[in-house]
Amino acid sequence: MNKTYIYMTILAVCLTFSLIGNMTQFNKINELEHIIKKLTEQDKAQAVAKQFVLTLMDTPTPENEKKLRSITTQKAQQKIFANDMDLEDESTKGIKQRVTIEKTYFNRLSLNHVNILIQFRVYHDIGNGQSTAGMYEMNINLTSDGQGVWKVDSYDFEIQNEKNLDEIAIKDEE
């Protein structure tokens, strides 16, 4: 009888420790799931912000306008489409540009609002070996509908510096 009591006590202690361990692991798993959810939302918001920069800085086309309208709120659309984007200026015809995103900074303002700062470089290939590059910064505010869909609500655009990459112009300056 004494042995039975000892075995049951040992079994009860082991079971208690096992349950405590499982609860601790359950709490850790919940914390990790919450972190993963936040990081996934962060990735979605950053992808929308990057797509916004690349599309906005690209040559205006009906496809780009459609993309911009799908990833922006009405407030941002009013700012973007206040000027007629569809008309390409004669002075810019033949100029090819490409955009490379250098750095991205993420700041969560609230559950459904984030601010993303994107630094990017725009290369303008004018032709005849001439090109220029400019470093720009765009501060983008995004909102979520609560279902994981992020849209650009507002943005500010800033020129950091521009460089003339024309080798001939550089030689002439020397």
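The values are calculated or read from the model by the stated rules, or taken from the named source; none is laboratory data. Quantities reported herein were computed from a predicted structural model and do not represent experimental measurements. Using ideal geometry, Cβ is built from the backbone for each residue, glycine included, and neighbour counts are taken over all protein chains shown.
Residues in the stretch 137-146 include at least one that is in a loop (DSSP other than H, G, I, E, B) and modelled with pLDDT of 85 or more.
The set of residues in the stretch 99-135 being closer than 17 Å to residue 48 by Cα and outside any strand (DSSP E or B) consists of 111, 112. Checking the structure you have, find out if any residue of the stretch 42-57 is within 26 Å of residue 155 (Cβ to Cβ), aliphatic (A, V, I, L, M) and over 12 Å from the mean Cα position of the chain (by Cα). Yes, the stretch 42-57 contains a residue that is within 26 Å of residue 155 (Cβ to Cβ), aliphatic (A, V, I, L, M) and over 12 Å from the mean Cα position of the chain (by Cα). Within the stretch 123-160, being among the acidic types (Asp, Glu) and without any contact (Cβ under 8 Å) to a residue 60 or more places away in the chain holds for 125, 137, 145, 156, 158.
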